[in-house]
Amino acid sequence: MNVPLLDLKAQYAELRGEIEPILKEVCESQYFILGPRVLEFEAQIADYCGVGHGIGASSGTDAILVALMALEVGPGDAVITTPYTFFATAGCIARTGATPVFADIDPQTYNLSPVAVAELIENWSETYPNLTPKVLMPVHLYGQMADMDPLCALAEQHGLAVIEDACQAIGAEYPSAAGTRKAGAMGRAGAFSFFPSKNLGGFGDGGMVVVNDDAFADRLRYLRNHGANPKYYHGMIGGNFRLDALQAAVLSVKLQRLEQWHAGRRENAARYDRLFADSAVVTPEAVYADSGVLNAHIYNQYIVRVPDRDRVRIAMNEAGVGCEVYYPVPLHVQECFAYLGYREGDFPVSEKAARETLALPIYPELTDEMQEHVAKTLVDALGK
Ligand SMILES: *Cc1c(COP(=O)(O)O)cnc(C)c1O
């Protein structure tokens with residue numbers, strides 16, 4: 001039996017009848033950039049996340065970039081974030097001219113550690129005398145939110161704006177002291193990606209920024225369209241970060257299924273947890289589940305830790321089971337960030353995670369038999 005890491009054809013087979021007529025409608029209208037479909041989808045996402053505004057963007061990367069641009073982050077500024085994330089998080093920071101400054105992660109959740117951030121800020125003037133900390137950018141990795149209450153408190157205390165990289169976590173929930181909050185809704189801005197492999201994925205690239213503040217939302221809308229306000233008058237330098245109507249149309253249909261897909265992933269995660277109970281496989285922790293929030297973890301990825309990961313991964317792939325490493329090289333040791341001056345050993349928790357973690361198939365269409373096969377293949381590979 002072959003089990004791919006992700007099978008989007010199974011999802012499409014179920015939605016074809018709903019999506020194809022809407023695609024045809026957009027084609028007949030020939031209204032492809034922004035427009036009514038995008039406005040409708042932006043309102044749906046804002047409503048889903050419990051925020052004031054959604055501003056569609058061309059990708060998750062561009063959503064992060066435009067949010068940083070809207071805060072006028074640039075040379076001399078520092079953005080504090082995690083080195084254990086997809087490249088875009090820190091890539092966008094560097095593209096604004098600002099400096100990514102890393103703090104290590106929590107070993108259980110793989111998310112930015114509030115303790116590490118507090119320590120970093122405490123020693124700021126000795127470590128980074130020439131940089132002004134301006135933004136804190138937690139990443140809600142794999143579909144579970146970072147520990148936002150202490151992170152937001154630190155940001156507040158030190159005058160940092162919070163931008164959430166929520167690209168993997170649309171719909172994930174956090175038990176804040178102020179009540180349950182959705183990913184993207186706790187910071188000044190939140191960024192989502194609709195890359196096809198995310199829980200809500202389009203037929204190509206797409207993204208969105210969510211915010212509460214009306215004036216900030218307007219600023220983001222202008223910046224995603226070259227800063228034009230009105231058309232052909234440019235008070236700010238923006239870019240082309242617009243969302244396509246075809247993507248918005250597809251995503252509006254898929255959004256109706258998102259809660260059901262989250263539930264399917266949650267059930268699959270629980271099944272793996274049982275299958276691995278007596279093995280050497282370290283299963284992921286949904287740390288907020290006990291607080292009673294429904295989407296404590298949306299399992300964009302189901303991440304295990306295993307000994308001898310690289311050998312195990314090859315054995316799994318050879319046996320026809322898809323698995324992947326997210327991410328093999330933490331950002332502080334990426335070649336393009338050598339100028340930041342970090343070394344191997346600076347963030348040991350991130351480095352250990354990069355050596356030990358493995359993503360298993362978790363998409364909602366997996367059958368029990370497929371999961372049993374994945375689990376058996378992994379346990380067998382470990383035993384060798
Ligand atoms: C997917 C992702 C992004 C970038 O999104 P794109 O839509 O691919 O540009 C950024 N950050 C994280 C954590 C992601 O997983």
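The values are calculated or read from the model by the stated rules, or taken from the named source; none is laboratory data. Keep in mind that what you see is a predicted model, and the values were worked out from it rather than measured. All Cβ positions, even for glycine, are placed from backbone atoms using ideal geometry, and neighbour counts span all protein chains on display. To get the accessible areas, we keep the full protein, side chains included, count just its heavy atoms, and leave off ligands, DNA and RNA. Shrake-Rupley method; radii C 1.70, N 1.55, O 1.52, S 1.80 Å.
Looking across segment 291-305, the residues that are modelled with pLDDT of 95 or more, out of contact with any Asp or Glu (no Cβ under 7 Å at 6 or more places or on another chain) and not hydroxyl-bearing (S, T, Y) come down to H297, I298, N300, Q301, I303, V304.
One residue stands out among those in segment 165-193 that are over 18 Å from F241 (Cα atoms) and within 10 Å of the ligand (Cβ to nearest atom): the one that is surrounded by the most Cβ atoms within 10 Å (Cβ to Cβ), which is A169. Selection of first residues in segment 289-303 that are in the same structural domain as N268 (by TED's automatic domain parsing) and open to solvent by 50 Å² or more (accessible area, probe 1.4 Å) and of second residues that are away from the ligand (no atom under 15 Å from the Cβ) and β-branched (V, I, T), restricted to Cβ pairs under 9 Å at least 6 apart or on distinct chains, gives the following pairs, ordered by first then second residue: S291/T180; G292/T180; L294/T180. All conditions but one from (1) in a helix (DSSP H, G or I); (2) touching a Leu at 6+ places or on another chain (Cβ under 9 Å) apply to I55; the one that does not is (1). The set of residues from segment 23-41 being touching a Leu at 6+ places or on another chain (Cβ under 9 Å), open to solvent by 10 Å² or more (accessible area, probe 1.4 Å) and either hydrophobic (A, V, I, L, M, F, W, C) or within 16 Å of the ligand (Cβ to nearest atom) (or both) comprises L23, C27, F32, I33, L34. Restricting attention to segment 104-115, the residues that are without any contact (Cβ under 8 Å) to a residue 60 or more places away in the chain, open to solvent by less than 80 Å² (accessible area, probe 1.4 Å) and aliphatic (A, V, I, L, M) add up to 1. How many residues, within segment 113-144, are within 16 Å of the ligand (Cβ to nearest atom) and closer than 15 Å to Y84 by Cβ? Count: 8. Of the listed requirements (1) part of a loop (DSSP other than H, G, I, E, B); (2) aromatic (F, W, Y); (3) open to solvent by less than 10 Å² (accessible area, probe 1.4 Å), Y272 misses just one: (1).
Among residues of segment 204-245 being part of a strand (DSSP E or B) and not polar (S, T, N, Q), the one that is surrounded by the most Cβ atoms within 10 Å (Cβ to Cβ) is V209.
Of the residues in segment 60-76, not one is of a type in the set (S, T, N, Q), within 14 Å of the ligand (Cβ to nearest atom) and part of a loop (DSSP other than H, G, I, E, B).
If you take the residues in segment 77-102 that are touching a Leu at 6+ places or on another chain (Cβ under 8 Å) and open to solvent by 10 Å² or more (accessible area, probe 1.4 Å), which one is nearest to the ligand (Cβ to nearest atom)? Here the residue is F87.
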